[in-house]
Amino acid sequence: MKINLAETIMRINRSTSVTEFLFSGFPQFEDGSFLFFIPLFFIYIFIVIGNLIVFFAVRMDTRLHNPMYNFISIFSFLEIWYTTATIPKMLSNLISKQRTISLIGCLLQMYFFHSLGNSEGILLTTMAIDRYVAICNPLRYPTIMTPRLCAQLSAGSCIFGFLVLLPEIAWISTLPFCGPNQIHQIFCDFEPVLRLACTDTSMILVEDVVHAVAIIFSVLIIAISYIRIITVILRIPSGEGRRKAFSTCAAHLGVFLMFYGSVSLMYLRFSATFPPILDTAIALMFVVLAPFFNPIIYSLRNKDMKTAIKKLLCSQTTSTS
């Protein structure tokens with residue numbers, strides 16, 4: 001009798017499908033969540049405006065119409081949408097008592113957030129190869145990195161980044177979710193969502209391995225490129241030549257370390273578990289801090305970019321006056 005009752009309860013649970021998820025990683029409004037809302041709101045505004053300035057500065061200054069700056073402008077454009085996939089929902093959760101998201105909304109957030117992240121990762125890898133060719137084969141660089149190839153690499157990074165995730169999201173959408181519905185994170189992510197599925201979750205390990213291989217492969221390509229680049233730069237006889245060569249790579253190397261450092265902390269831990277507050281801190285570094293520092297790194301570490309930004313802002317001031 002007890003067995004039949006237990007089986008009945010399990011059947012009822014399986015037939016009850018979850019239509020929305022609840023985020024449990026946010027503080028309650030009474031606990032001062034509005035104090036988190038204000039800095040996050042201004043950080044988001046800065047990310048959008050900062051990356052827009054970098055994007056338009058490159059597009060409007062003909063001196064920056066070369067592969068390196070084209071990749072930087074595309075990366076800045078992706079950063080705007082990358083943060084928009086998560087931060088607006090975070091902001092609404094901080095000031096709302098109902099911290100929920102629909103199943104479809106959760107799937108869409110995962111898809112766009114990770115597709116844009118994939119596109120950025122591929123683009124960073126492309127930028128490393130571009131710097132490798134520019135410094136290690138300077139005479140052949142104009143014939144190798146043509147405007148057409150540059151456009152194809154930019155478009156290919158975005159298209160592949162969005163297409164590669166479709167099967168994964170389609171598979172997750174077929175999984176049954178019957179409760180509980182609490183996501184122990186501040187945005188929809190693969191592992192927290194998959195743990196809520198009412199089915200065999202052994203695929204989580206497969207997901208972790210696939211993501212880890214992709215991350216490690218990209219990191220290896222970029223690391224090998226920069227080891228070779230640094231070796232070539234150190235052979236340059238003049239100090240001025242070495243300084244100039246390093247300055248062209250410093251910004252990209254900084255963004256690479258910020259992006260893949262946070263990605264590694266987030267997705268290369270496998271079964272290791274962190275305290276909730278540390279988990280949230282890593283997620284914030286991954287989602288918020290890395291995009292926040294990117295426009296600062298590109299504008300402060302690059303003389304040509306600073307000149308182009310000043311020119312853009314001055315032209316806007318002149319036109320309004």
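The values are calculated or read from the model by the stated rules, or taken from the named source; none is laboratory data. These numbers come from a predicted model, not from an experiment. Here the Cβ is made from the backbone with ideal geometry for all residues, glycine too, and neighbour counts use every protein chain on show. Surface areas here come from the heavy atoms of the whole protein model, side chains and all, with no ligands, DNA or RNA. Shrake-Rupley method; radii C 1.70, N 1.55, O 1.52, S 1.80 Å.
Taking every residue in region 123-139 that is in contact (Cβ under 8 Å) with a residue 24 or more places away in the chain and pairing it with any residue that is in a helix (DSSP H, G or I) and among the charged types (D, E, K, R), at least 6 positions away or on another chain, the pairs with Cβ-Cβ distances below 9 Å are Tyr132/Arg228; Ile135/Arg228; Cys136/Arg228. Within region 214-238, the set of residues being exposed (fewer than 11 other Cβ atoms within 10 Å of the Cβ) and among the small types (Gly, Ala, Ser) comprises just one member, Ser238. Can you find, within region 275-288, the residue that is nearest to Ile216 (Cα to Cα) among those that are open to solvent by 70 Å² or more (accessible area, probe 1.4 Å) and among the hydrophobic types (A, V, I, L, M, F, W, C)? Per the stated criteria, the residue is Leu278.
Let's see how each residue does on (1) surrounded by 15 or more Cβ atoms within 10 Å (Cβ to Cβ); (2) modelled with pLDDT of 90 or more; (3) under 15 Å from Val288 (Cβ atoms); (4) acidic (Asp, Glu):
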position	(1), (2), (3), (4)
Ile9	no, no, no, no
Asn13	no, no, no, no
Asn66	yes, no, no, no
Met90	yes, yes, yes, no
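Mind checking whether some residue in region 22-33 is at pLDDT below 75, open to solvent by less than 40 Å² (accessible area, probe 1.4 Å) and assigned to a helix (DSSP H, G or I)? Yes, region 22-33 has at least one match.
Is it the case that some residue within region 127-139 is exposed (fewer than 13 other Cβ atoms within 10 Å of the Cβ) and more than 21 Å from the chain's Cα centre (by Cα)?
Here is the first cut: in region 127-139, the ones exposed (fewer than 13 other Cβ atoms within 10 Å of the Cβ) are 138-139.
Filter again for more than 21 Å from the chain's Cα centre (by Cα), leaving 138-139.
Checked region 127-139: at least one residue is exposed (fewer than 13 other Cβ atoms within 10 Å of the Cβ) and more than 21 Å from the chain's Cα centre (by Cα).
When you look at Tyr298, is it surrounded by 19 or more Cβ atoms within 10 Å (Cβ to Cβ), under 20 Å from Glu79 (Cα atoms), at pLDDT below 80 and aromatic (Phe, Trp, Tyr), yes or no? Let's see the steps before the verdict.
Details: surrounded by 19 or more Cβ atoms within 10 Å (Cβ to Cβ): yes; under 20 Å from Glu79 (Cα atoms): yes; at pLDDT below 80: yes; aromatic (Phe, Trp, Tyr): yes.
So Tyr298 passes the test.
Restricting attention to region 92-104, the residues that are out of contact with any Leu (no Cβ under 7 Å at 6 or more places or on another chain) and either at pLDDT 95 or above or polar (S, T, N, Q) (or both) total 5. The residue that is modelled with the lowest pLDDT, among those in region 239-264 that are open to solvent by 40 Å² or more (accessible area, probe 1.4 Å) and touching a Phe, Trp or Tyr at 6+ places or on another chain (Cβ under 7 Å), is Leu253. In region 99-113, what residues are open to solvent by 20 Å² or more (accessible area, probe 1.4 Å), touching a residue at least 24 places away in the same chain (Cβ under 8 Å) and under 24 Å from Phe160 (Cβ atoms)? Result: Leu107, Tyr111, Phe112.
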